[in-house]
Each structure stands twice: as C-alpha cells, then as structure tokens.
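The values are calculated or read from the model by the stated rules, or taken from the named source; none is laboratory data. Source: prediction; values computed, not measured. Heads up, the Cβs are rebuilt from the backbone with ideal geometry, glycines too, and the neighbour counts pull from every protein chain shown. Ligands, DNA and RNA are excluded from the accessible area calculation, which covers all protein heavy atoms including side chains. Shrake-Rupley method; radii C 1.70, N 1.55, O 1.52, S 1.80 Å.
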Amino acid sequence: MPSRKFADGEVVMGRWPGSVLYYEVQVTSYDDVAHLYTVKYKDGTELALKESDIRSQSSFKHRKSQSSSSSPSRRSSSRSRSRSRSPGRPAKGRRRSASQSREQKDDKKKTIQETSLALVVLVLLKPSENNTKRYNGEPESTEKNDTSCIPLEQKLKPDLEIKHVLEQYSLRSRKDDKKTEELFSEKKTFVAVKPIEKVPSKTKELEFGGRIGTFMLIFLLPATVFYLLLMCKQDDPSLLNFPSLPALESLWEWRVFGVFLLWFFLQAVFYLLPIGKVVEGLPLSNGRKLQYRINGFYAFILTAAAIGVLLYFQFELHYLYDHFMQFAVSAAAFSLALSIYLYVRSLKAPEEELAPGGNSGYFIYDFFTGHELNPRIGSFDLKYFCELRPGLIGWVVINLAMLLAEMKIHNLSMPSLSMILVNSFQLLYVVDALWNEEAILTTMDITHDGFGFMLAFGDLVWVPFVYSLQALYLVGHPTTITWPVAAAITVLNCVGYYIFRSANSQKNNFRRNPADPKLANLKFIPTATGKGLLVTGWWGFVRHPNYLGDIIMALAWSLPCGFNHILPYFYVIYFICLLVHREARDEHHCKQKYGLAWERYCQRVPYRIFPYIY
C-alpha cells in the first residue's frame, strides 16, 4: 500500500478539476481504499483529488527560482563558447551577438503578441468563465443579473478548441512551429489524466439524534400514526382523553393486506408503462446520470379512471374507512419489510452508489436514513417510485373514501362544505406535484438522502394516513362553516399555493436555463461551483419561500375543521417543525457546498422562512 504524501491539515496547491489551474487548499482527510485526498478550497468547496493533482507550495517557488537562475548561466556559457571558437574575429562575433540579441527581441515580441492573442481568444471562447478570484469564492461583483451564466462544467471548453484558433492566427513562422513540435515529440510532457471521481466518504455528522435518536424514531413514528388514528375515532378527541388500545388480532386482516399489495403493484404497472418523457437526473458522484420516466400525472389519470369504474359497478369505497386502521398496519408492515430488503441489498452495492448521508457504518442509523442512494431493480427506481406514486395518489383516494363515508354515515345528499374544501385543496396539491414531477429530481430526498426506513415509512404510511387526518376527523366530527368563512379560507390557500408554485418555478427555470430572457431581471450571487444564488424575486424575500407557501397551505387545510379540538391542526404543527428542521439541514449543506458565497447570500437575505420573524 503506497504511503500518503500529504498530512491532514497541510496547506498545499490543488488542481481544479478540468483545468490546469492550481489553488491553495487544505487537506482534510485521506481515503486509503481509493487513494484520494479530500481537500477544502478557500471558498469552502470540498473535492476529492488524486495525489498527482496535488503539489506542495515549495515546489512552485522552487521552480520559479530555478528558471530565473538558469537563463543567465546559459547566456554566459553561450558567449564563452562563441569567443573560444572565434578568437581572431571579435568584431564579427560582437555583430553576431547583436544580431542574435535582435532575434531574441523579435522572439519576445512574437511571444508577447501570441500571449495577448491567446488571452483574447480565451475571452472570446469563455466570456462568462470565473477567474481565479471567483474559483476561490471571491467574485468581482456581489450581485449579477447576467443571464448568460451557465454551469461550470459547460463553460470549461476543451483546450483543443483554443489550440486550433491559435494555430490559425499564430505569429510564428512554420519553421519555428516545426522545431517546437520536434522538441516536444522527443520528450512527452503531457499525460492523459482520467476524470476525477468523487467517492462518497463515511458519514461523519449524524442527524436525527444519531444512533439513539434514529432507534427511537423507528418506534415513535408508527406509534404516532396509530395514536392519531385512534384519537380521530373517539367522540372526544382531546389530548387528555387517551384512547383505549384495540385487541391485537383486530389490527390485522390478510384481505386488507392483499388489497394494499394490489394497490402497490397496480401503481408499479402504471410506472412501467412506456408513456411520458424520459429525463436525466443530476450527476452522481461518479459523473453518471440516471434516467427517469415522467409519467406520474398519467398514472393519476389511469387511477382516477379505475376508481370511476369501481364506483360505476357500485363498489363500496367506504370499505377503506371501515378498515382504516388495518390498512395503516398493513402499510407499516410492508414498509418495514421493504426497509429490511433495501438495507440487505445495499450491503453489496458499490461504494459510489451509497448515500452521502447514510454511510456512517452504524447499522441502526444507516437502516433508518437509507444506505443506498438510488436502489434500482433494472430500470425500476424504488425510491423515485415510492416518492410520488402509491402514497401521494393514495392520499387522494383516501380523501375520496372519507367524503363518501361522511355522506353515508350522516345521510347527506352531498358532502359538507368543510369536506369539499379539504378535498379540493389537497387534490390541487397532489395534482400540482404530479404535473411538476420533474422538479422532484433536484430535491434533497433524491440527491442526498438514501432510501431506508425514513423515506419508505414516510412515503407509504405517513403521507397517506397522516396527511388525510383532516378528512378523517370531519367524518366523525362534522363542522359547519359559512360561505364567507369558506371564501376567506380559499383565498388563504390560493395565496399559499401562489407563493409555493411561483417560487419553485422560479428556482427550477433558473437552474434549467439561466439565459432565459424571462429571467433577465433576476440578480444572483455567483459561486465557485458555477451555479448562482438568486437574491431577487421570491428567493430574495426569504431563503425558503416554497416552505412559506407550504405552511400557509397547511393552515388552510386545517381551518375548515373548526377550533373545537387541536387534533386536526397536528398536520400544520408537525409541518412547521419538519420544514424548520429541513431548513437547518439545507443551511448546513449549502454552507459546505457554496462557502463564502452562501455567507454573502445569508447577509443579503437574512430571513429563513418567515419574513421579519425567522
């Protein structure tokens, strides 16, 4: 095993990937398996570099001094040899030296002119490329509204293009070029270097309370779901009135579990249908991009058609309400089995396919957060499928079942106004998510979090059975509201939806095409990664305007339930805690990723979610 050359904490010169530029970096760690150094640039950017791409600071100074000292010695030895060969012709020798001096001056002029030409060509070819200060997180200007900014990897053009232009406009004679080619052909000085692959290192900073916290959450999350469902079944769902526990045998029924499996695999069939466009996700640590089929909205339409057929043949959809607790238990059992399968298969996954946040080496923590980033069976992406399909579409089906159950139990010819508002608001939210399905590919769930118990339980149990809490509450606790109150709640939901959708669209459009003329009025802070941080529009108002819109909508979903009990407001309380925690995670990751640029963004946009409050 080769010994490491640079120690942790040592300040060295690291080559920026894809270029020949070296910058001052600090060694933070070393991977003995991949033989890669993790280095940190001045702007906070961390990269994995090979030892051949790192040099000591003294080597740069040594080469510079050696080059400057060697030139006079060569000139003096050249003059001494010239005098020894022609001792009887000193005048002519002096004239020859003078002519050589003029040739050297001409060569210097040509070199300077070629250098100037090269700089002009570089500017023409790369008009928006960051200079040395920008690589170090020190842009020339704090804000920009230049929409020609593109990702860094697209701006680094191949050197062959520059070489071709220089050959066309070279000021040297072909004879000199031929000599130069012969000189470099004798001793090859350029070696092809393979692209640097950043191998995920061990997760050092544990979230969710570490091993103890994740162990407790594995039991606390299912207990919370069952507690909320039992409370909604009570006549008095107050916090002090703890529900009685049902018999264990009443919580399980194989027929219900079979219906759940049928639902899950039906959505899997819709996912595999060759309809909808195929897009690429963000680059992985090894540079590869996975492909995803965007057909969630088509799956929703097919599901709606299937439900319509069942209702036409008088299928009792309120069966879902009558066995609601058993469906929740079936979903929890399936998510646990899926989580075990995901962890077992992740043990054989390659190192580069592991999740950045779930590679701690601790069984409980990795089992909860997810060890593998994108587990797939062939082209079937398990995490991406569960993120939007069975749970999110199932949420709408559950709401519809609650609406029909309310009409049957209370002998209503039409559902109550409160139930209509809840169903309409949440239906809009789900349809919007499925219509803009491609936007989920840039979220933390897809790019950072592995697929483990946290996401499996959240997607299959928490989302459909907790997010439908308001509809379940209204079945057993009908609430009457007036039309003016309903109109005010509707306006509130529309305001929240407008903030949520316009903020997300603004961010996604800027990421997809910063040069869009529609975004010409937006200003941004350039970063060392080549991406920009928006400081105008919604993202100049607060750092997470989409979270603000989400919370406003969550409040609008709970208001139709009245103020008799706090139970229907559990969702908005939980959602505020969830988004504040997620915002803290985003803050931590963005600070590591963008460095000084993120600090300037925080100074420019001081409020995180709630303006003038938080």
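The table that follows gives values for the structure above.
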read-out: Only listed residue being surrounded by 21 or more Cβ atoms within 10 Å (Cβ to Cβ) and either more than 17 Å from G496 (Cβ to Cβ) or modelled with pLDDT of 90 or more (or both), chosen from G540, G532; value: G532
read-out: Single residue of region 347-359 satisfying the filter (closer than 23 Å to E205 by Cα and surrounded by fewer than 14 Cβ atoms within 10 Å (Cβ to Cβ)) that is modelled with the highest pLDDT; value: L347
read-out: Subset of region 500-528 (residues that are in a helix (DSSP H, G or I), charged (D, E, K, R) and either touching a residue at least 40 places away in the same chain (Cβ under 8 Å) or surrounded by 21 or more Cβ atoms within 10 Å (Cβ to Cβ) (or both)); value: R501, R511
read-out: Residue list for region 1-36, restricted to those being among the hydroxyl-bearing types (S, T, Y) and over 11 Å from I54 (Cα atoms); value: S3, S19, T28, S29, Y30
read-out: Inter-residue pairs, beta-carbon under 6 Å, first in contact (Cβ under 8 Å) with a residue 40 or more places away in the chain and in region 41-55, second of a type in the set (K, R), 6+ apart; value: E46/K40; A48/K198; E51/K5; D53/R15
read-out: Residue in region 561-583 that is within 30 Å of L403 (Cα to Cα), of a type in the set (A, V, I, L, M), at pLDDT 85 or above and not in a helix (DSSP H, G or I) present; value: yes
read-out: Only one of V278, V309, V269, V344 that is touching a strand residue (DSSP E or B) at 6+ places or on another chain (Cβ under 7 Å) and open to solvent by 40 Å² or more (accessible area, probe 1.4 Å); value: V278
read-out: Residues of region 472-498 that turn out to be under 25 Å from L228 (Cβ atoms) and in a loop (DSSP other than H, G, I, E, B), as a count; value: 5
read-out: Residue within region 440-455 that is of a type in the set (A, V, I, L, M, F, W, C), closer than 21 Å to L230 by Cα and either assigned by the TED database to the domain that holds A332 or part of a helix (DSSP H, G or I) (or both) present; value: no
read-out: Residue among C561, C577 that is outside the structural domain of F425 (by the TED database) and free of Cβ contacts under 8 Å to residues at least 12 places away in the same chain; value: C577
read-out: Boolean, I409 is of a type in the set (V, I, T) and surrounded by fewer than 18 Cβ atoms within 10 Å (Cβ to Cβ); value: yes
read-out: Any chance M407 is assigned by the TED database to the domain that holds F297 and without any contact (Cβ under 8 Å) to a residue 40 or more places away in the chain; value: yes
read-out: Region 477-493 residues that are closer than 25 Å to D235 by Cα, paired with ones that are in a helix (DSSP H, G or I) and of a type in the set (G, A, S) (beta carbon under 7 Å, 6 or more apart); value: T479/S418; I481/S418
read-out: Qualifying residue in region 232-253 (condition: at positive phi, in the same structural domain as S379 (by the TED database) and surrounded by 12 or more Cβ atoms within 10 Å (Cβ to Cβ)); value: no
read-out: Qualifying residue in region 302-322 (condition: in contact (Cβ under 8 Å) with a residue 12 or more places away in the chain, more than 23 Å from E406 (Cβ to Cβ) and out of contact with any Pro (no Cβ under 9 Å at 6 or more places or on another chain)); value: yes
read-out: Residue within region 550-561 that is of a type in the set (F, W, Y), open to solvent by less than 30 Å² (accessible area, probe 1.4 Å) and touching a Lys or Arg at 6+ places or on another chain (Cβ under 7 Å) present; value: no
read-out: Odd one out for Q506, checked against (1) touching a Phe, Trp or Tyr at 6+ places or on another chain (Cβ under 7 Å); (2) modelled with pLDDT of 95 or more; value: (2)
read-out: Residues of region 568-614 that turn out to be open to solvent by 50 Å² or more (accessible area, probe 1.4 Å) and at positive phi, as a count; value: 1
read-out: Selection within region 364-392 - open to solvent by less than 60 Å² (accessible area, probe 1.4 Å) and in a loop (DSSP other than H, G, I, E, B); value: G370, H371, L373, N374, P375
read-out: Count - residues of region 269-279 that are part of a helix (DSSP H, G or I) and without any contact (Cβ under 8 Å) to a residue 40 or more places away in the chain; value: 1
read-out: Odd one out for R293, checked against (1) more than 23 Å from P222 (Cα to Cα); (2) surrounded by fewer than 19 Cβ atoms within 10 Å (Cβ to Cβ); value: (2)
read-out: Criterion: assigned to a loop (DSSP other than H, G, I, E, B) and of a type in the set (A, V, I, L, M) - qualifying residue of L245, L266, L229; value: L245
